[in-house]
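Have a look at the structure below before the remarks.
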Amino acid sequence: MADELKKDATTRMQKCVQALQAELKKMRTGRAHPSLIEHLKVDYYGSEVPLQQVAAISIEDARTLVVSPWEKSMVGPIEKAIYKSELGLTPNTAGTVIRIPLPPLTEERRRDLTKVLRHEAENARVSVRNVRRDAIAALKEQLKAKKMSQDEERRAQDEVQKLTDRFIAEIDQVLAGKEKEILQV
């Protein structure tokens, strides 16, 4: 029973780290990357769909993204979605191809981004700790129901704590890598 709880906790903690990594991919580092805009919602015949479903997103060079809509009529809505996003990007349209140059980040903007990164990492740490709390509560339930001994419960709690420490260290590594990437000029 304790093994099932540990497996569940491991899976949920891993999802917390993956969610953080996905969130950090959307953060601008000064280099062009499709994940920067692929989540933007575009009005496609009355319904909101992600940009990646209505266009191909590619990288022209280190600081330029290229968006090629599947349909010619989608150029306007895609431009509108890019303008509406709070990414501070200005698309340039040439026929059916939309080029998005990424301006270099200022020192002040880099520092602001690191604050946002730290906030996101702290949210991920809190999520991991919530998983730990749930796992320990489940262990205590097992102890009350006399399905495990106090020694087993104590050992399982220690293992859950080790899992928590491992995933928090992983979050710190992800944060350090992204901070280094953003602060790199």
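Each value in this text was obtained by applying a stated rule to the coordinates, not by laboratory testing. Since we're looking at a predicted model, the values are computed, not measured. Heads up, the Cβs are rebuilt from the backbone with ideal geometry, glycines too, and the neighbour counts pull from every protein chain shown.
Taking the beta-carbon count within 10 Å as an exposure proxy, list 143, 24 from fewest neighbours to most. Spell out each step's value before the answer.
Working: 143 17, 24 22.
By the 10 Å Cβ count, ascending: 143, 24.
Based on the Kirkwood radius over alpha-carbon pairs, what value in µm²/s does the Stokes-Einstein equation return for the translational diffusion coefficient of segment 73-156 at 25 °C and 0.890 mPa s? Mind showing how you got there, number by number?
Details: Rh = 17.9 Å.
Answer from the Stokes-Einstein relation: 137 µm²/s.
Considering Cα pairs under 8 angstrom that are at least six residues apart, work out the relative contact order of segment 34-101 and quote it in whole percent.
Reported as a whole number, the value is 28 percent.
Taking loop as defined by DSSP and a crowding limit of 14 other beta carbons within 10 Å, which trypsin sites (Lys or Arg not before Pro) in segment 48-131 fit?
Values: sites: 63, 72, 80, 84, 99, 109, 110, 111, 115, 118, 125, 129; in loops: 63.
Filter output for segment 48-131: 63.
Put +1 on the Cβ of each Lys and Arg and -1 on the Cβ of each Asp and Glu in segment 34-101; which of 62, 92, 34 then has its Cα farthest toward the positive end of the dipole?
Ranked along the dipole, the leading option is 92.
Sorting 131, 174, 67 on the 10 Å Cβ count, fewest up front, what's the list?
On the way: 131 23, 174 19, 67 28.
Ranked by crowding around the Cβ, least crowded first: 174, 131, 67.
Take every Cα pair under 8 Å in segment 62-164 that's 6+ residues apart, average their separations, divide by the length, and report that relative contact order as a whole percent. Mind showing how you got there, number by number?
On the way: 67 pairs, mean separation 21.3, N = 103.
That works out to 21 percent.
Taking 2.2 N^0.38 Å as the expected size of a compact globular protein, what ratio does the Cα radius of gyration of the chain give against it, to two decimals?
Relative to the rule-of-thumb radius for its length, the chain sits at 1.38.
For segment 34-101, go through all pairs of different Cα atoms, get the mean of 1/r, take its inverse, and jot down that Kirkwood value in Å.
One over the average 1/r among Cα pairs gives 11.7 Å for segment 34-101.
Can you list residues from other chains, or at least 5 along the same chain, whose modelled amide H is less than 5 Å from the amide H of residue 59?
Here the answer is 66, since their amide H atoms fall under 5 Å of that of residue 59.
If you rank 48, 153 by fewest surrounding Cβ atoms within 10 Å, what's the result? Walk me through the numbers before you get to the answer.
Working: 48 10, 153 18.
Neighbour counts put them in this order, fewest first: 48, 153.
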